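The values are calculated or read from the model by the stated rules, or taken from the named source; none is laboratory data. Because the structure is predicted, anything quoted here is derived from the model rather than measured. Heads up, the Cβs are rebuilt from the backbone with ideal geometry, glycines too, and the neighbour counts pull from every protein chain shown. Each accessible area value is taken on the protein alone, full model and side chains, heavy atoms only, with ligands, DNA and RNA left out. Shrake-Rupley method; radii C 1.70, N 1.55, O 1.52, S 1.80 Å.
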Amino acid sequence: MAGCPAPSRPAPSPGSVEAALGQVRAFIEPHLDRSLTLSAEAAPRLVEAMRYAALAPGKRLRPALALWAAEACGGSWDGAAPAAVAVELIHAYSLVHDDLPAMDDDDLRRGRPTCHRAFDEATAILCGDALQALAFESLARDMPPAVAARACLVLARAAGAEALVGGQADDLAAERGWIDGLASAPAAEQVAWMDRINRRKTGALFLAALELGGLAAGADDSRLALLDRFGRAFGQAFQIADDLLDAEGDEAAVGKRVGKDAGRGKLTFPTVEGVAAARARAERLATEAGAAAGALGESAAELARLAHWIVGRSH
Ligand code: GRG
């Protein structure tokens with residue numbers, strides 16, 4: 001486990017998005033910790049791996065979206081906590097599986113050795129499996145009974161073959177040359193392909209976080225539709241910013257290996273249309289997300305600020 005750089009981040013200024021995310025972390029991490037406190041029936045090495053992966057220092061963007069969406073719809077953080085925990089557990093599982101040798105084969109995540117490096121491959125696979133099941137346990141047990149089934153449906157769809165897992169499968173297919181003609185397709189076709197991948201692989205879980213936060217707050221259809229509009233633009237802006245970090249970011253700050261996409265000939269906005277055009281696209285999308293948050297009113301101010309922060313971040 002030695003030899004990996006620790007993330008070095010400046011202290012956030014009061015009132016900044018970093019500080020607001022710090023408040024989210026301070027609120028949600030004890031909830032996450034409790035959800036990962038399992039009985040003696042759970043295998044100790046498995047639980048250790050689950051805690052290692054899920055409690056590692058992440059930004060907790062998906063919990064922030066769930067909590068701030070609830071707030072934007074007149075709800076409380078306490079009411080949205082099970083949703084925030086569930087989306088973060090799904091996210092943590094997806095990172096563990098994404099890092100496996102059969103997928104991205106990464107050795108660094110959140111500034112630490114990846115789960116299969118710190119433990120072993122079989123434990124990392126089981127860890128992802130168990131985190132996924134635990135996410136649904138959080139919703140089914142802790143959401144109000146009137147919305148728990150719908151919440152499970154929302155998360156199941158976002159995590160399944162038509163969204164997260166399907167997007168990951170198509171992303172791998174493109175990277176491994178299994179999609180005929182994609183590498184030599186016109187840029188507009190490549191952009192459409194990337195949008196379709198990103199919408200499922202990255203965007204769907206953000207949308208689920210927002211919708212679950214809204215459901216926890218008892219939001220009506222018109223507010224859920226605005227959260228959806230916000231989330232679609234936010235998800236695309238986030239992914240382009242993530243690709244820009246891979247192209248230009250600092251490994252110690254990002255907490256994972258960078259420069260991998262170009263090396264593997266991966267289709268991303270910076271590799272297809274260049275860094276400047278990708279940055280301009282991300283900024284346009286952040287503005288679009290900000291407008292949707294604006295339509296939700298003052299209670300969605302944190303969502304609007306996050307959309308702009310997401311494209312300028314260094315980690
Ligand atoms: C293996 C089912 C399965 C899915 C994998 C999450 C994912 C899909 C792949 C991870 C690789 C990647 C770069 C995905 C797109 C963006 C993403 C999810 C980045 C990480 O999210 P952050 O920045 O991470 O919110 P932290 O660590 O802060 O939580």
Straight-distance crosslink candidates among lysines, where the alpha carbon sits under 16 Å from K201 and sequence neighbours closer than 8 are dropped: K266
Whole-number accessible area per residue in Å² for segment 17-312, which is evaluated in the context of all protein chains at 1.4 Å: 40 Å²
Additional length obtainable on full extension of the chain from A188 to R45, 0.36 nm per residue less Cα span: 46.7 nm
Of all accessible heavy-atom area on segment 17-312, the percent that carbon and sulfur account for (1.4 Å): 54 percent
Percentage relative contact order, segment 152-222, counting C-alpha pairs under 8 Å, at least six apart: 45 percent
Highest to lowest packing among 41-52, 157-168, scored as the average C-beta count within 10 Å: 157-168, 41-52
Total formal charge among the other residues, if their Cβ is under 13 angstrom from that of A169, Lys/Arg +1 and Asp/Glu -1: -1
Linear extension gain, A146 paired with D129, 0.36 nm per residue minus alpha-carbon span: 3.4 nm
Value of relative contact order over segment 195-256, rounded to a whole percent, pairs C-alpha under 8 Å and six or more apart: 42 percent
Paramagnetic reach from W309 (point 7 Å along Cα→Cβ, amide N under 16 Å) across segment 67-89: 67-72
The chain - percent relative contact order, Cα under 8 Å, separation 6 or more: 21 percent
Charge dipole (the chain, unit charges on Cβ, about Cα centre) - positive-most of H116, G203, A183: G203
Distance (nanometres) between label positions extended 7 Å along Cα→Cβ at L55 and S16: 2.7 nm
Sum of side-chain charges, D120 neighbourhood, beta-carbon under 15 Å (Lys, Arg +1; Asp, Glu -1): -4
Cα centre as origin, Lys/Arg/Asp/Glu Cβ charges: the chain dipole, Debye: 340 debye
Under the Karplus curve 6.51 cos²θ - 1.76 cosθ + 1.60, θ = phi - 60°, whole-Hz ³J(HN,Hα) for segment 80-92, x wherever Gly or Pro sits: 8, 4, x, 5, 5, 5, 4, 5, 5, 5, 5, 4, 4
